[in-house]
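Scroll down for the structure; my scribbles are underneath it.
The values are calculated or read from the model by the stated rules, or taken from the named source; none is laboratory data. Predicted model only: the values in this text are computed from it and were never measured. Please note: Cβ atoms are built from the backbone with ideal geometry, for glycine as well, and neighbour counts cover all protein chains shown.
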């Protein structure tokens, strides 16, 4: 059985959020994507972070071209599921109900509430 991937740090998760829509990308492409949210972010910082993430197994690196490309080792949905399972166990003693109630109490928009109600109605049918 393969070793589970390490949980990403906040900075690593932010980088993954920029990389997932790109699929595979160079450091330069990821840096440019992240500049919209963090204009002060240096290219060297992104490069070092991506190298660390590759070493941890969070990114896959393709070295076949002059500019190496990186891709997430795990799809966004799979990563979110793993992080959610970890949060569920650590913070809510495995209770999905407790997690949902906490999420609902801590501010959701009317539109989000309607979407949740619609999903619950569809699930009943």
Restricting to the range 30-44, name every residue that is modelled with pLDDT of 95 or more and closer than 28 Å to residue 84 by Cβ.
30, 33, 34, 41
Of the conditions (1) within 15 Å of the chain's Cα centre (by Cα); (2) under 27 Å from residue 87 (Cα atoms); (3) modelled with pLDDT of 95 or more, residue 52 fails just one. Which one is it?
(1)
Give just the number: which of (1) surrounded by 10 or more Cβ atoms within 10 Å (Cβ to Cβ); (2) in the same structural domain as residue 5 (by TED's automatic domain parsing); (3) within 21 Å of the chain's Cα centre (by Cα) does residue 112 not satisfy?
(2)
The range 78-95, residues that are surrounded by 13 or more Cβ atoms within 10 Å (Cβ to Cβ) and assigned to a helix (DSSP H, G or I)
79, 82, 83, 88, 92
